[in-house]
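First comes the structure, then the notes that go with it.
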Amino acid sequence: MTSLCSSIDAAKLTVIWVKTEAAKEELKSHALIQQAATQNLLRAIDGVKPEQLLLKYLPGVTPEDFRLLYRLLLIEPTGADLSAEVPTVSPRSSAPSKESSVAPDPAAAQGTRHLALVMTRLVSTHLGLAGMALTTSIGKAATVEELRDLARQLVGQIEARNGERVAADALKALRGLL
């Protein structure tokens with residue numbers, strides 16, 4: 001299972017992104033996004049400019065920044081025919097996947113994005129800056145299996161830092177999503 005975002009072949013499909021309500025809160029708090037280039041990208045996304053234009057004119061921004069913002073539920077695609085068949089591209093590879101050439105189930109992608117968002121919020125709440133590497137890994141995870149492995153690490157780190165009771169609460173928050 002891959003996210004909708006990893007199904008978009010930027011060379012063949014112009015994507016226009018729009019901010020979500022969560023993005024507006026993020027721009028005030030800077031709780032999830034620490035990198036200046038990614039924060040600038042989030043500010044510049046307006047539902048009008050295509051991804052390629054933003055990549056061209058915003059220094060330090062990469063396609064992975066769009067994918068991260070999408071996984072964190074801060075942006076969503078608009079103005080593109082996302083129901084069309086496009087090659088599936090892994091976030092770690094630029095080659096089309098052999099397993100499928102159709103866009104993934106949007107409901108499954110939404111579930112994966114929600115799980116990643118909950119995990120990122122748990123990292124922010126319980127680990128702070130000590131969880132920066134884990135937050136990056138969560139943003140790059142492309143499958144539910146990868147997120148499950150990261151969830152185990154997350155609960156372990158929360159237990160080590162905050163104790164068994166807090167880790168049990170975190171696990172409870174993740175149980176219905178895994």
Under 24 Å Cα to Cα from Lys19, which lysines show up? Leave out anything in the same chain fewer than 8 places away.
Lys28, Lys49, Lys56, Lys140
Calc'd 3J(HN,Hα), region 124-138, phi into Karplus 6.51 cos²θ - 1.76 cosθ + 1.60 (θ = phi - 60°), Hz, glycine/Pro = x, comes to 4, 5, 9, 10, x, 5, 5, x, 4, 5, 5, 4, 4, 5, 4
Under-5 Å amide H pairs with Thr20, H placed in peptide plane, nonlocal only
Ile75, Glu76
Descending packing, highest mean Cβ count within 10 Å first, for 24-37, 134-147 is 134-147, 24-37
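How large is the convex hull of the Cα atoms of region 5-78 per residue, expressed in Å³ as a whole number?
Values: hull volume 5.7 nm³, N = 74.
Hull volume over Cα atoms, normalised by residue count, gives 77 Å³.
Report the percentage of all Cα-Cα pairs in region 106-175 whose separation exceeds 15 Å, rounded to a whole percent. If you can, show how the numbers build up before the last one.
Working: 1106 of 2415 pairs.
Of all Cα-Cα pairs in region 106-175, 46 percent lie more than 15 Å apart.
We did not get these values from a lab; they are worked out from the coordinates using the rules stated. Note that this is a predicted model, so its numbers are computed, not measured. Cβ: placed from backbone, ideal geometry, glycine included. Neighbour counts: every protein chain shown.
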